[in-house]
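The values are calculated or read from the model by the stated rules, or taken from the named source; none is laboratory data. Only a predicted model underlies this, so the values are computations on that prediction, with no experimental measurement involved. All Cβ positions, even for glycine, are placed from backbone atoms using ideal geometry, and neighbour counts span all protein chains on display. With ligands, DNA and RNA removed, areas are computed over all heavy atoms of the protein, side chains included. Shrake-Rupley method; radii C 1.70, N 1.55, O 1.52, S 1.80 Å.
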Amino acid sequence: MEFAVLFALVSGLVTLIYAGFLTRSVLSHSQGNEKMQDISSAIQEGANAFLMRQYKTLVPLVIVLAALIFFAVSMETAAAFTIGVVSSSLAGYIGMQVSVRGNVRVADAASKGLKEALSLSFKGGAVTGMALVGLGLVGLAVIYEFMGGLGPLIGYGFGASLISLFARVGGGIYTKAADVGADLVGKVEAGIPEDDPRNPAVIADNVGDNVGDCAGMAADVFESFVVTVIAAMLLGFAISPEYTILPFIIAGVGGIASIVGSLFVRLGDDKKIMKAFYKGLIATSIVMAVLLYYWMQTDLSMFATVIVGIILTGLMFIVTEYYTAKEHKPVKMVAESSKTGAGTNIISGLAVGLQSTTLPALFVVAAIAISYTVGGLYGIALAAAAMLSMSAIVIAVDSYGPITDNAGGIAEMSGLSKEVREITDELDAVGNSTKATTKGFAIAGAALGALALFAAFAEEAHLEVISLLDPAVVIGLFIGAMLPFLFSSMLMTAVGKAAFQIVEEVRRQFREIKGLMQGKARADYATCVDISTKSALGELIGPGLLAVLSPLVVGLLLGATALAGLLAGAIASGFLLALTMCNSGASWDNAKKLIEEGEYGGKGSDAHKAAVVGDTVGDPFKDTAGPALNALIKVVNTVSLVFAGVVLAYGIHLIA
């Protein structure tokens, strides 16, 4: 076994061991009183039931695709595809299991103070980050070494992409159907607080935080991580054996650096939570840069591309925080616009989202230009690999969010003191910002990773020039640019349908269960959980088939050049649309929270009601359609890469 592969394997195992250590640390803390444990158990049961039903729903599709790959490509690639499916599912499952157990422990730790609650919630989030990177490294090393090299790795990436897509779609529909339904009836119509135990949708809402923001995000970034490393290896193979395995070193160093960086996440005397997270991110970046310089000092041009990827990660965090955090001008503008109604709130939120695409697009363009100048297409792939190699620490910061959100809900529903709720609210407010910033990271990483996959597809399909003067390319370009919009429409429609059912059910319970609004009767939480589950799983397959079949149909009917056009269109429009939706949604969410803190009339005011409506629109933007676009653009690329040989052999070229 070559040193680079061995290093990646050992790094993956060390990262998994660290995840196990963190899990033990989290589970050793107190779960609070019996009422808190009952609420936490209900969330656990709902989350586990949904995830298991989602995986069972996908089994037939996985079997069909594995058989297709077996006959069209090879047995090894089909086996690696199945391993990718299992690994991606496991990454989300492990993280979610700790998340649904850490929530009640964080709520109890909040009674001891902010420092204790922050430390515990970050450890819980770090389990997800470390597990996904550890599993990814082990899977990449084992498949490369023992299953035949690069060919099967493409299948591994496709398996991860498939689960990423469905985890994002299913989890996103579930979480936002419950959230929208709970907000519209609870906050706007009934005038009760968020996470009020009288709201029948409150448990479904808390379940959704875990299946969407934890399991869904883990599968998404796991897939980005592995397919970007694979794409870099494929491009490196065309240059030299050394460049083929260099991505293993970068990814392995990223795992070790993230472990070190996590030790720097400490609350300072100023008690600024976001600053504590930035300390961890900066420490990870420095350790990663130093270790890779030691390894790559004889090839400084390629080392420069690694630095580009690390810097791009930091820039995406900064610009996304500016547009989505309630301390900055954009969110304050959205909150102020709520004084004149929901219409102006929605207009200003859309404007923020549209504007927020400018700097990230320019940053990505600059990263591409610099990386290509010093390292060609391989340089771009290395920059993407370096960026995604920081996934462990980034997802640790992200998965902290659903844990603190649930902790706040448990504190509210179990009647803990005002002081505890203030601490969980403070943690949750920062969690909204970290979820937004990590979505920016995931989107930029998906765009760079998809670009590397696109280059690998061009190599595999023997395409040297893709000309816009070729009608087939232009047709593919427009179809690809259209896909993210149609895909998003399908998801938004699914959330709307499911939310309608939740709204009607919550209204029914308020109307028919005597004493519910007075707190003298218990809401029927299970019915809302069941509605969200059935709705999410019922709408799961359509968007998935669109993503898998579109590149196959275009490639087989119009040829490889048209398929290249489709991929280019999907990457460009998907990247910008995802940024718009995620940042608009986060600005609406934090504008609502700013008003709830007392600005512009506070809770119950007309401005608050307008902001809740804006947040209702933003929920499926930022937590369903927007994040799922990451998976869409990577799935169409990995499908194209896996079946490039089939397209070349059997494409019929309807456009001559």
Between the alpha carbon centres of region 503-580 and region 192-217 the gap in Å comes to 16
Along the Cα-to-C-beta direction of E242, a point sits 7 Å from the Cα; which residues of region 296-332 have their amide N less than 14 Å from that point? 296-303
I'd like the Karplus ³J(HN,Hα) series for region 365-382: coefficients 6.51, -1.76, 1.60, θ = phi - 60°, whole numbers in Hz, and an x wherever there's a Gly or Pro. 4, 5, 4, 5, 4, 5, 5, 5, 4, 8, x, x, 4, 5, x, 4, 5, 5
Where does helix 471-512 land angle-wise versus the long Cα axis of the chain, in degrees 0 to 90, nearest 10? 20
Rounded tilt (10° steps) of 34-72 against the dominant C-alpha axis of the chain: 20
In Å², what does the accessible area per residue of the chain work out to with a 1.4 Å probe? 34
At most 11 other Cβ within 10 Å, DSSP loop - trypsin sites (Lys or Arg not before Pro), region 419-516: K514
Roughly how many nanometres apart are two label points built 7 Å out from the Cα toward the Cβ at I347 and A649? 5.8
Quick one: 3J(HN,Hα) in Hz for region 196-205, Karplus 6.51/-1.76/1.60 with θ = phi - 60°, rounded, Gly and Pro as x. 6, x, 6, 7, x, 8, 5, 5, 4, 5
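Give the carbon-plus-sulfur fraction of the accessible surface of the chain in %, rounded to a whole number; probe 1.4 Å, heavy atoms of protein chains only.
Of all accessible area on the chain, carbon and sulfur atoms account for 65 percent.
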Could you give the distance between the Cα centres of region 357-378 and region 270-286, to the whole Å? 26
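In region 457-555, which GluC sites (Glu not before Pro) are in a loop and have at most 12 other Cβ atoms within 10 Å, using DSSP for the loop call?
E464
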Mind putting a number on the dipole of the chain about its Cα centre? Charges go on the C-beta only, +1 for Lys and Arg and -1 for Asp and Glu, and I need it in Debye to the nearest 20. 700
Apply the Karplus parameterisation 6.51 cos²θ - 1.76 cosθ + 1.60, with θ equal to phi minus 60°, to every residue of region 276-284 and state each ³J(HN,Hα) to the nearest whole Hz, in sequence, with x for glycine and proline. 4, 5, 5, 4, x, 5, 5, 4, 4
Tell me the label only: which of [x] 90, 68, 48; [y] 88, 87, 63; [z] 69, 52, 43 is Cα extents along the principal axes in Å as calculated from this structure? [z]
If I fit a long axis through the Cα atoms of helix 626-642 and take the longest principal axis of the Cα atoms of the chain, what angle between them do I get, 0 to 90°, rounded to 10? 20
Quickly work out the I513-to-T298 label distance, labels modelled 7 Å from Cα along the C-beta direction, and quote it in nm with one decimal. 6.9
